[in-house]
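The values are calculated or read from the model by the stated rules, or taken from the named source; none is laboratory data. Predicted, not measured: the structure shown is a model, and the values here were computed from it. Neighbour counts are summed over all protein chains in view; Cβ atoms, including those assigned to glycine, are modelled from backbone coordinates with ideal geometry.
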Amino acid sequence: MVYAELLLLFVIAYLIGSIPTALIVGQYFYHKDVRKFGSGNIGTTNAYRVLGPKAGTVVLILDVLKGTLGASLPLMAGFSDRHLVLLIGLGAVLGHSFSIYIHFHGGKSVAASAGLLLAYNPQFFLLAALIFGTIVFLSSMVSMASTLGAFLILLLSLIYHDWILTTIIAAVAAFLIFRHRSNFKRIFSGTENLVPFGLVYWYKRNKGQ
């Protein structure tokens, strides 16, 4: 009975994670299908690129909250084991990348993964956000922050001596690296898209003047 309930919670988390927030915001408020512009991705980065910073910020917040809500389902259902937050939260992460609502396409699940951390340990979430933001500022590349950041966050998790947390983060990090494999080719060729701020962006802009 318990396993059936947990499976149901995982499915619900997946359905929550599958909600294509960038697609909804783009179509209903900007009359744009983000899949037809920029990278074609429905994640936060392409939402910023296609819809602008206000809409991109809204999408970011909603995508993080998808992960948080999905991961929090066990606590809402009365389970006391907080590690279930991590396990059920994986459903939301998978849902964001393989959304049932758009033929199992989706984003790269960085924001949804952050939401999972927020539900499990807000302090750890803030440290992870600091690592991510620092790498974005230094590299001007969200892809770099997502992949290198995931590795550094994995190392940081070792401090907590929580092997389930470390295992889940290792799985998520591997998943994020896999989802960003096309970005690596562009990084190494020097053609990766830059966000319009940060040291690399400012350097290249000044160099081009």
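I'd like the full set of residues that are of a type in the set (A, V, I, L, M) and surrounded by fewer than 17 Cβ atoms within 10 Å (Cβ to Cβ), limited to the stretch 195-205.
Within the stretch 195-205, Leu199 is the sole residue that qualifies.
If Phe178 passes every condition in (1) farther than 23 Å from Phe197 by Cα; (2) in contact with a Leu (Cβ under 7 Å, 6 or more places away or on another chain) but one, which one does it miss?
(2)
I'd like to check something: does the stretch 107-116 contain any residue that is in contact (Cβ under 8 Å) with a residue 24 or more places away in the chain and over 14 Å from the mean Cα position of the chain (by Cα)?
Within the stretch 107-116, none of the residues are in contact (Cβ under 8 Å) with a residue 24 or more places away in the chain and over 14 Å from the mean Cα position of the chain (by Cα).
Going by the conditions given, is Val11 of a type in the set (A, V, I, L, M, F, W, C) and either more than 16 Å from Ile100 (Cα to Cα) or more than 21 Å from the chain's Cα centre (by Cα) (or both)?
Criteria not met by Val11.
Which members of the stretch 46-63 meet the condition of being within 17 Å of Gly17 (Cα to Cα) and surrounded by 23 or more Cβ atoms within 10 Å (Cβ to Cβ)?
Result: Ala47, Val59, Asp63.
When residues of the stretch 45-63 are filtered for being at pLDDT 90 or above, in contact with a Ser or Thr (Cβ under 8 Å, 6 or more places away or on another chain) and charged (D, E, K, R), how many remain?
Selection size over the stretch 45-63: 1.
Could you list all residues from the stretch 139-190 that are buried (at least 18 other Cβ atoms within 10 Å of the Cβ) and on the phi > 0 side of the Ramachandran plot?
Ser140
How about the stretch 69-82: which of its residues are modelled with pLDDT of 95 or more and closer than 18 Å to Thr166 by Cα?
Within the stretch 69-82, just Ala71 meets the criteria.
What helices (runs of 4 or more DSSP H) lie completely within the stretch 1-65 and have 1 or more residues being over 20 Å from Ala77 (Cβ atoms) and touching a Leu at 6+ places or on another chain (Cβ under 7 Å)?
Ranges flagged: 21-29, 44-51.
Under the condition of being under 19 Å from Ile19 (Cα atoms) and among the aliphatic types (A, V, I, L, M), which residue from the stretch 64-78 is farthest from the chain's Cα centre (by Cα)?
Leu73
Tell me, please, whether a residue that is crowded, with 21+ Cβ neighbours inside 10 Å, touching a strand residue (DSSP E or B) at 6+ places or on another chain (Cβ under 7 Å) and modelled with pLDDT under 95 can be found in the stretch 103-121.
yes
Which number in (1) more than 25 Å from Val2 (Cα to Cα); (2) crowded, with 24+ Cβ neighbours inside 10 Å marks the one condition that Gly91 misses?
(1)
For Ile153, all conditions in the list (1) touching a residue at least 24 places away in the same chain (Cβ under 8 Å); (2) over 14 Å from the mean Cα position of the chain (by Cα); (3) farther than 19 Å from Asn193 by Cβ hold save one; what is the number of the exception?
Checking Ile153 against (1) touching a residue at least 24 places away in the same chain (Cβ under 8 Å); (2) over 14 Å from the mean Cα position of the chain (by Cα); (3) farther than 19 Å from Asn193 by Cβ, the one that fails is (2).
Does any residue of the stretch 146-165 turn out to be within 28 Å of Phe37 (Cβ to Cβ) and of a type in the set (A, V, I, L, M, F, W, C)?
Checked against the condition, which is being within 28 Å of Phe37 (Cβ to Cβ) and of a type in the set (A, V, I, L, M, F, W, C), the stretch 146-165 yields at least one hit.
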